[in-house]
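Okay, structure first, notes after.
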Amino acid sequence: MKKPFAAAIVLLLSLALSACTPDNSGEKPTETPTATETPAPTENPTATAAPAPTETPTPTLSPTPTLTPTPIGTPTPTPFTEPPITEGSLKNTGCHPITLSGNRDDHVITDRYCFIEGEKFFLLLDKDVDLPGDFADNIALIMDTLESLTGLRFDASRELESSNLDQFAGEDPWDALQYGTKVPIYILVDRNDEHFGTGANAGRATIYDFRLFSDAVWNSVPSYRDNPERRNDFVEYLDIAHELTHVLTLRSTQMTDIMTEGSAEYYSEKALGVLSDKVEEFRTVLAAPHIVGSVEKKITADTAEDIFLTDYTDISFADRGEQYVVGHLLCRFLNDTYGPSFLSDYIKVLRAAGYRVDAYILPMSEKDYRRKTDAMKEVFGDDVFVRFGKWFSEGAH
């Protein structure tokens, strides 16, 4: 009977010990946490406060602009600056604002429609324009000087229609810009040598200058590439000043063709002459040979008034050109005889007679020509044409 009793004692002790041991089979071991419960970044706050530089890459903060200047005569590129777009300045338009360095040797070649806003102008730049870095500064100088010489102002009293639609099939890429009273100056590229012409009216000036075409465009057109003599080594600032003079006078009134073209010839040349000490390229432009028309109609004391009255409307438009020469000489005579305010004095009388800028160029009747001829006499005296005819015949010019 002793062995069964001993076995029972052993069994009871085994069950008692088993009841004293805890059962953790369904719980997570919280007393020995794994590394995932205490990650390294949490234990090292310094690493979180100073992230690695790769989290803020430089290319994202300062992307390289697509428009890059092409410096002339130096292998080191000059940084191109494209200012940020300000709220409201470019709504619903695909053109972009740019700035120039002011250095003539720096060039920016546009690969999209761009613009530059100045104090008195907007330069509206076509694609493939090769613009020297001092171009905008030179335009500002010319406009300031023209105002000073003529006594007139570019800031018209009201906004004028300005779209240049000849080349863009009715779609003006800059149409969404608000010009106010500033002058829009289109700098355009004739990519197929279609003979688009430089011109102006009261609303705008349009410039086609081979020197401002990119080399890529120039070399892609055989009639350009194979005739290098068509392209000057300088920007034709004389032509630009001529067109800007048209804008200036037409924003005040409409004169006869002789006075309109003559004043543009006279003041463009005079403005560049005044500025030639400041701008070397202006001296180059003035020194270059320019085509000068001849005077077929004999100007005398007896014929001068009649020539002014008919205003060369009696010859075909294709053969016109004499009015540029005669008008230029007339302006020289008026300045030398009556003083530098001759143009503004004449325009005041025309405006008082009701000749204001209501459209770009209005057809003029015989009565208009007579009135504008009489205005010359009213300002400069009844013998003004007799005196001009004598001055011309005696070779004072």
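Things worth noting here:
- Filtering region 363-397 to residues that are in contact with a helix residue (DSSP H, G or I) (Cβ under 6 Å, 6 or more places away or on another chain) and assigned to a loop (DSSP other than H, G, I, E, B) leaves only His397.
- Yes/no for Glu269 being free of Cβ contacts under 8 Å to residues at least 60 places away in the same chain, of a type in the set (Asp, Glu) and in contact with a His (Cβ under 9 Å, 6 or more places away or on another chain): yes
- Test result for Arg283, of a type in the set (Lys, Arg) and crowded, with 18+ Cβ neighbours inside 10 Å: no
- Count - residues of region 102-144 that are within 29 Å of Thr253 (Cβ to Cβ), of a type outside the set (A, V, I, L, M, F, W, C) and surrounded by fewer than 20 Cβ atoms within 10 Å (Cβ to Cβ): 5
- Looking across region 350-376 at every residue that is surrounded by 19 or more Cβ atoms within 10 Å (Cβ to Cβ) and farther than 16 Å from Gly262 by Cβ, the one that is modelled with the lowest pLDDT is identified as Val357.
Quick grid of which residues meet (1) at pLDDT below 85; (2) part of a loop (DSSP other than H, G, I, E, B):
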| position | (1), (2) |
| --- | --- |
| Glu281 | no, no |
| Val285 | no, no |
| Gly293 | yes, yes |
| Ala301 | no, yes |
| Phe308 | no, no |
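- Among the numbered conditions (1) polar (S, T, N, Q); (2) in a helix (DSSP H, G or I); (3) out of contact with any His (no Cβ under 7 Å at 6 or more places or on another chain), the only one that Thr313 does not meet is (2).
- Exactly one residue out of Ser268, Ser263, Ser252, Ser214 is surrounded by 14 or more Cβ atoms within 10 Å (Cβ to Cβ), in contact with a Ser or Thr (Cβ under 7 Å, 6 or more places away or on another chain) and either modelled with pLDDT under 95 or farther than 18 Å from Ile139 by Cβ (or both), and it is Ser263.
- Filter result (hydroxyl-bearing (Ser, Thr, Tyr) and at pLDDT below 95) within region 187-208: Thr198, Thr206
- Residues within region 272-305 that are touching a helix residue (DSSP H, G or I) at 6+ places or on another chain (Cβ under 9 Å), more than 24 Å from Ser393 (Cα to Cα) and without any contact (Cβ under 8 Å) to a residue 40 or more places away in the chain, tallied: 4
The values are calculated or read from the model by the stated rules, or taken from the named source; none is laboratory data. What you see is a predicted model; the values in this text were computed from it and never measured. All Cβ positions, even for glycine, are placed from backbone atoms using ideal geometry, and neighbour counts span all protein chains on display.
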